[in-house]
Amino acid sequence: MRPANKKHINVKYNKWIKMITAFLVVCIGFASFSACNGATDGGLTGRYTRDPDEEEWCLTLVNKWNPMTTDGSEVETVKLSNGQLVDARIYPQLQQMFDAARKDGVYPIVASGYRTKRKQEQLYDEKVAAYKAEGMSEEQAKAEAEHWVSVPGTSEHQLGLAVDINADGIHSSGDEVYEWLAQHAYQYGFIQRYPPEKIDITGVENEPWHYRYVGVKAAVKIQRRGICLEEYLEN
């Protein structure tokens, strides 16, 4: 039998190595794409969007026990078409979420976005005054007001990362918007910040309209586990 040509064997060997390498690259790329888009996370399938630079800024905890360390004036904002402002870093995801809702026949609007410290003080003072007008003492009025309006310096609205989302009042009802958000907002990095079963933890009454940007990665985990931001950060 004629001996095999050594050069021929090397060519075939190199060819197989290249084919195997190419196959592994494709597999790794597919796995990375699936992970980035949430396709394998806890069975929560849906229209995930990429969240390229999820950082600690979007997980900042602000509540009645954790006040802001600044007044929020340094926030770089984007003005929406109705005049409301949001942190520029969350605008792309917010826009994608609203576009998706409209495709499903639901028409949300941002009723309230970023607030200055002065605006938050005004809202808080007005709420306290309203309760005092009903006959409550100063102390009682403040305690009741804080269930609905955060004390200045403890409001997520001063971060620019929270939005109160309501219906446009023409094409959709509030309940339709809230239901859609409850099902899909996490896919875009937003969570319902104050669910009814977490009042003792968040310190705020149920607000189905108040959504907070935390990034897609955190939002998927929070949705899957049925927890709030405080619990997520604690763990």
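The numbers here are math on the coordinates, done by the rules we state, and not lab data. In this text the structure is predicted, and so the values were computed from the model without any measurement. Note that we place each Cβ from the backbone using ideal geometry, even for glycine, and neighbour counts take in every protein chain shown.
Here are a few things to note about the model shown:
- Descending by average beta-carbon neighbour count within 10 Å, the peptides 143-153, 177-187, 128-138, 95-105 line up as 177-187, 143-153, 95-105, 128-138, the highest first.
- Across the range 123-235, the relative contact order, built from alpha-carbon pairs under 8 Å that are at least six residues apart, equals 22 percent.
- Over 30 Å (Cα to Cα) - which of Lys79/Lys132; Lys142/Lys198; Lys103/Lys221; Lys79/Lys127; Lys79/Lys103; Lys142/Lys217 fall in this group: Lys79/Lys132; Lys142/Lys217
- A quarter of the convex hull surface defined by the alpha-carbon atoms of the range 91-207 gives 8.2 nm² as the mean projection.
- Evaluating 6.51 cos²θ - 1.76 cosθ + 1.60 at θ = phi - 60° for every residue in the range 110-117, the Karplus couplings come out as 8, 7, 7, x, 5, 10, 6, 4 Hz, glycine and proline recorded as x.
- Amide H contacts under 5 Å for Val86, placed H, 5+ residues apart: Val78, Leu80, Tyr114
- Phi to ³J(HN,Hα) by Karplus 6.51 cos²θ - 1.76 cosθ + 1.60 over the range 78-83, Hz, x for Gly, Pro: 10, 8, 7, 5, 9, x
- If you take the Cα centroid of the range 126-144 and the Cα centroid of the range 164-208, the two points sit 27 Å apart.
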